[in-house]
């Protein structure tokens, strides 16, 4: 079994922001599996699905991004899922918009949601990083990731979210190394 956690902030105010791309990817995985994410469990909205041929719990923590670690750790513990079977999907300012990369372990890179997950689970989870680009000159990073997608980004977003969902399925089906070999060696399609 895997736990796939999409990072984001709850509430309508944040629904269409760069920081919530993890929620969009988890919603896409649920749609593909013909399930819903509507059960409140351990501080997250969850749903059970088959992803990449494997039983999977899909989750969207319902606390703010910087408190994502607690719900993620509690879900992994409840389902007895080891940290290397936890897949976290999140926005990444260090990647160009639209790039999708898979990573196993490592530091938080300044991402507060990942910082809290590392604090609660350790650094060995798998990450699907979705590029949102760096903020324009003079912009604060927090304001940028909490900002809405540009019109051009919004037009390409469905394709980007689909590619990130494909990456999650590859991780669950074949493991992180094979997924990295596929997704990390090719740029945007």
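Running Debye on the range 136-179 with equal point scatterers at the Cα sites and no solvent, what base-10 log of I(q)/I(0) appears at q = 0.26, 0.32 Å⁻¹? Relative scattering, expressed as log10 I(q)/I(0), comes to -0.85, -1.02. Divide the volume of the convex hull around the Cα atoms of the chain by the residue count and you get 105 Å³ per residue. The spread of Cα positions in the range 70-116, taken along each principal axis and listed from longest to shortest, comes to 36, 18, 16 Å. The separation of the range 5-26 from the range 132-189, counted between C-alpha centres, amounts to 13 Å. Take every DSSP beta bridge whose two residues both sit in the range 87-189; close to 45 percent of them are antiparallel.
Of all beta bridges that DSSP places with both ends in the range 2-183, some 55 percent have antiparallel geometry. Over all directions, the projected convex hull of the C-alpha atoms in the range 85-176 averages 6.0 nm² in area.
Calculated on the alpha-carbon coordinates, the convex hull of the range 26-112 measures out at 112 cubic angstrom per residue.
Per residue of the chain, the DSSP helices (runs of n ≥ 4 H) give a summed -39500 (n - 2.57) that works out to -11000 deg cm²/dmol at 222 nm.
Throughout, read-outs are computed from the coordinates displayed, never taken from laboratory work. Fair warning: this is a prediction, and the values are worked out from it, not measured in the lab.
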